[in-house]
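Nothing in this text is a laboratory measurement; each read-out follows from the coordinates by a stated rule. Because the structure is predicted, anything quoted here is derived from the model rather than measured. Backbone-built Cβ (ideal geometry, glycine too); neighbour counts: all protein chains shown.
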Amino acid sequence: MRVTNIMLANNLLRNMWFNMERLAECQDRLSSGKEIRRPSDDPVRVAASLALRSSLGEIEQYARNVDDARTWMEVTDDALASAIEVLQTARERAVAGANGTLPQASRDAIAQEVKQLRDQLMQIANTNLGGRYIFGGTKTDKEPYVYENTSGTDINGIKYQGNSGDIEYEIAPKISVCVNFDGQEVFGDNNNKDVFAVLGDLYSYLKKGETANISASIGDIDKLVDNLIARRGELGARENRMEMSADRLSQDQVQQTNLLSQAEDADIAKAIIDLKNQENAYRTTLAAGARIIMPTLIDFLR
């Protein structure tokens with residue numbers, strides 16, 4: 001076969017572009033730190049990478065759900081602790097008011113304090129977290145408790161306008177945890193009377209000086225406190241579960257991230273070696289090209 005100069009030049013250009021393309025790939029791999037940049041690089045590794053990224057995204061979403069749930073529970077726990085404190089104060093005032101030797105003026109003063117405690121409990125019952133009322137069931141956009149005018153009395157009634165719906169957060173595939181208590185569960189019925197009705201009656205008994213009924217109110221308050229303590233204990237168990245779930249998700253996230261790194265990230269040491277090898281190959285190609293043009297008559301005349 002006759003070899004011409006144009007054939008030598010074409011072969012040179014083809015090899016030069018091939019080596020330049022390989023050099024560009026090595027530079028891209030080293031600068032990006034990624035072994036695969038497009039599906040054509042390695043279809044099998046790309047499929048594995050996409051699956052790992054999808055799994056990692058789910059784990060991150062579950063972790064956010066757990067964080068939101070824990071925040072909700074922490075706010076609820078603080079509210080329950082405050083409600084218990086208010087009721088215990090109301091019990092102390094009831095004990096003082098049940099004393100038969102206490103002058104009526106002192107009972108009137110205690111009655112006013114009980115009214116303030118009742119209003120404080122309503123404020124706690126309307127606790128708001130990021131624009132959502134935590135004790136309204138699934139009706140989180142409106143205050144669960146509102147004042148209701150009661151004809152013929154000198155203290156307003158309080159009405160619940162929430163529902164008994166559960167607010168659940170998904171913390172794992174097909175696993176959800178309820179994070180809320182509705183107002184009726186927390187401040188709920190005690191012989192068809194909630195905390196507001198009990199304190200409202202205590203206010204009236206104090207104003208009228210009915211010591212027997214004041215003493216009976218102490219037992220009602222104790223039952224309400226016991227209910228709040230039980231709810232707080234249940235909430236604590238849920239918080240413990242959230243904490244364990246957060247730890248597990250954190251471990252899963254680290255493991256998935258490591259697997260993703262193995263699937264996508266380049267071996268930097270190997271990438272540097274490959275880059276140097278391709279640089280040498282490209283320079284060798286250029287050097288070979290300089291010898292394609294054979295000596296001419298002018299070279300001999302020199």
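Over segment 52-258, what number does the Rg to Rh ratio reach, with both radii from the alpha-carbon atoms and Rh per Kirkwood?
Values: Rg = 21.1 Å, Rh = 18.8 Å.
Reported Rg/Rh, Kirkwood definition of Rh: 1.12.
In whole angstrom, note down how far apart the Cα centers of segment 71-118 and segment 221-250 are.
Spelled out, the Cα-based centre of one part sits 24 Å from the other.
If each of R45 and Q184 carries a label point 7 Å out from its Cα toward its Cβ, how far apart are those two points in nm?
According to this spin-label approximation, the distance is 6.1 nm.
So if we plug the beta-carbon distance of T284 and T257 into 1/(1 + (r/R0)^6) with R0 = 41 Å, what FRET efficiency do we get, rounded to 0.05?
Computed FRET efficiency for T284 and T257 comes out at 0.50.
Using a 7 Å offset from the Cα along the Cα-to-Cβ direction at both K142 and A172, what is the distance between the two label points in nm, to one decimal?
For the pair K142/A172, the computed spacing is 3.8 nm.
For L206, L129, L13, L23, which order do you get if you count the other beta carbons within 10 Å of each Cβ and list the fewest first? Spell out each step's value before the answer.
Numbers: L206 30, L129 15, L13 12, L23 19.
Least to most surrounded, the residues fall as L13, L129, L23, L206.
Rg/Rh for segment 198-267: what does it come to with C-alpha atoms and Rh from Kirkwood?
Radius of gyration relative to Kirkwood radius: 1.60.
Using the Karplus curve 6.51 cos²θ - 1.76 cosθ + 1.60 with θ = phi - 60°, work out ³J(HN,Hα) for each residue of segment 160-173 in order, rounded to whole Hz, and write x for Gly and Pro.
Along segment 160-173, the couplings run 8, 10, x, 9, 9, x, 9, 9, 10, 10, 7, 10, 6, x Hz.
In segment 52-258, with Lys and Arg counted as +1 and Asp and Glu as -1 at Cβ, which of these residues, G236, N99, N258, has the Cα nearest the positive end of the dipole, that is, farthest along it?
N99
Quick one: which residues, 5 or more positions from I158 or on another chain, have an amide H under 5 Å from its amide H? H modelled 1.01 Å from N in the peptide plane, none for Pro or chain starts.
Placed amide hydrogens put E148 under 5 Å from I158.
Nothing charged except the Cβ atoms of Lys and Arg (+1) and of Asp and Glu (-1): what's the magnitude of the dipole of segment 52-258 about its Cα centre? Round to the nearest 20 debye. List each step's numbers first, then the result.
On the way: 22 positive and 33 negative charges, 68 e Å.
My answer is approximately 320 debye.
So between V95 and V75, what do we pick up on full extension, going 0.36 nm a residue minus the alpha carbon distance?
That pair, V95 and V75, stretches by 4.1 nm at full extension.
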